[in-house]
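Since the structure comes first, as structure tokens, the remarks are kept for the end.
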Amino acid sequence: MDINEILHYLPHRYPFLLVDRIVELEEGKRVLALKNVTINEPFFPGHFPHRPVMPGVLILEALAQAAAVLSFKTMGQKPDENSVVYFAGIDKARFKRPVGPGDQLMMEVSIARKMRNIWKYEAVARVDGEVAAEAELMCALKTLP
């Protein structure tokens, strides 16, 4: 799935859209997504000027965005302007290596459980096959009034 199709499944836009491509997607199971990390990212000038590092919270956000695409594809629907996905919890988050300019962040997210509108995922982000971050994510799909 290329960026044009991803834009139909996520409400995020630059500079907060953190998924560039969906490489693999098994509805109801898992997604493999990628984010090309470039020196032009808006957070690098301040994090850190002497050694650019992608903030860990943004790696978790990128994983959650990949999870949202998986969830909407699994439900067989596209979100509308009243659909939103919120974090409900983040457990066991670990950061194993820094992610910087020139890295390609490969994000694998699997559905662990679904209870009504709450989804739980197991998520791992890798760079060159090496784990950069991992976490259990819980997200709530909501319809705004």
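Bear in mind that the values in this text are calculations on the coordinates, not laboratory data. All values derive from a computational prediction rather than experimental measurement. FYI the Cβ positions are ideal-geometry reconstructions off the backbone, even for glycines, and counts take in every protein chain you see.
Can you give the Rg/Rh ratio of the range 3-143, where Rg is from the C-alpha atoms and Rh is the Kirkwood radius?
Answer for the range 3-143: 0.95.
By count of other Cβ within 10 Å, fewest leading, how are Tyr121, Tyr14, Tyr9, Tyr86 ordered?
Tyr14, Tyr86, Tyr9, Tyr121
If I model a spin label at Lys78 and Ala140 as a point 7 Å from the Cα along the Cα→Cβ vector, what separation in nanometres do I get?
2.7
Based on DSSP H runs of at least 4 residues, each adding -39500 (n - 2.57), what is the mean residue ellipticity at 222 nm of the chain after dividing by all its residues, to the nearest 500 deg cm²/dmol?
Estimated from H runs of four or more residues: -5000 deg cm²/dmol.
For the range 66-145, state which trypsin sites (Lys or Arg not before Pro) are in a DSSP loop and have at most 16 other beta carbons lying within 10 Å of their beta carbon.
Loop-located and lightly packed - Lys96, Arg116.
With axes computed from alpha carbons, what is the tilt in degrees of helix 56-75 against the longest principal axis of the chain, rounded to the nearest 10 within 0 to 90?
For helix 56-75, the angle is close to 30 degrees.
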